[in-house]
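Shown next, in structure tokens, is the structure this report addresses.
What follows draws every value from the coordinates through simple rules; no lab data is involved. This is a predicted model, so every value here is computed, not measured. When we count neighbours, we look across all protein chains shown, and the Cβ atoms used for this are built from the backbone with ideal geometry, even at glycine.
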Amino acid sequence: MVAGLRTLGVLYVLGAAALGFGLALRAQQPWALGAKQIAEAVPPVLGVTAYAANEVAIKPAWAWTARTASGTWQQVSDYVWPQPVAVPKPVPKSIIAAAKPKPAAPPALRPSINPSAAQAPAATGAAPKMQLAETETENAPLTPAPDTTPPSPGEVARVLAHLKISLTKELYDNFGLFLYVSKADHGPWHQRMFVFNKETSGDLKMMYSFPVSTGRETLMPNPGGSALWNTNTPTGYFQLDPDRVYRRYTSQQWGHKMPYAMFFSWEHEGRQTGVAIHSAIDGDVQLLGNRASAGCVRLAPQNAELLFRLIKKDYRGLTPLFAYDRRTATMSKEGLLMHDKQGKLAYAEGYRVLVLIENTGGDDIVAALF
């Protein structure tokens, strides 16, 4: 510190002398002009020597002196006039939050196009499954499920001939779709549904042939094991109940899921029965073609949806009512229709679909055409 101040004092004296000499030259002082003339008269050899001394000694010494003086002056200035320490301003939290990298968005969930899966609770830690709107699923095209044992054209002709002779003129004229179901456990028609549409010409044409599962035809323990219940599929002529058509349904008796359920409109002894056409689920799909249900007619899921959509879309309308026996509170399943006092048929809004179920496998039928 002391050495720096001494150097600064020397520089100050030299600077003041140089300033005074310059002012004397400017004022044309005789002594200053004389000194200038003497310097200009110095021989070239001395000029060269002075130049060399200036480059080798004076300039480096001056540079060191200037650096030292600058540092010393800064120290003196800081000592005499200390500067306040700058305190950094706090950064707003909003700026900090904006500067943080945002976490990557989770992958989008794919919706699942399966309706029954949307009913099941999601597994722990699994993403919830999504369900398509019913309007989207109803507009999606459908084709029948693959059939490994389709009937031959000859068998289809025999079924059609048998159906025609089984229908009265009133039944034939007042329905547009005919479902013939064989609940037999053997024969070429066994455990199969034949779907016939009545064309504008009046002829019947087969649209589909589906393997089915009808009732086991035996007594089975109920879900609680407290009783034995019948699992027979009734035979006869049946209509569909327009008030009991469900895309999703669960049996109140057995607790089984029944997708695409279409219940029969058949009252027996004052009670509306629970027999329906519906989709098989899970392992029951593998049992199609065998007696396996509790009395309903099961179809493959794809076929059940196809038939469900076909009937709801194309066969809504006025249908004749089946005869009703007030004494037994039972609806006819022999194909007898209800007439008023004038002998005219009684009609109600419903589906123009007639279901005929028989315990006939086709091996004991002699068709009228043959």
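Label-point separation (nm) for Gln272 and His339, each offset 7 Å from Cα along Cα-to-Cβ?
It is 2.9 nm.
Between Leu219 and Thr143, with labels modelled 7 Å along Cα→Cβ, what's the label distance in nm to one decimal, could you check?
Taking the simple label geometry, Leu219 and Thr143 are separated by 4.8 nm.
Looking at region 205-270, which trypsin sites (Lys or Arg not before Pro) are in a loop (DSSP not H, G, I, E or B) and have at most 16 other Cβ atoms within 10 Å?
Arg247, Arg248
Filter the GluC sites (Glu not before Pro) in region 211-320 to those in DSSP coil with at most 12 other Cβ atoms within 10 Å of their Cβ, and list the result.
In loop regions of region 211-320 (DSSP not H, G, I, E or B), the sparsely surrounded GluC sites (Glu not before Pro) are Glu269.
Restricting attention to region 333-363, which GluC sites (Glu not before Pro) occupy a DSSP loop and are surrounded by at most 14 other Cβ atoms within 10 Å?
Hits after loop and neighbour filter: Glu334.
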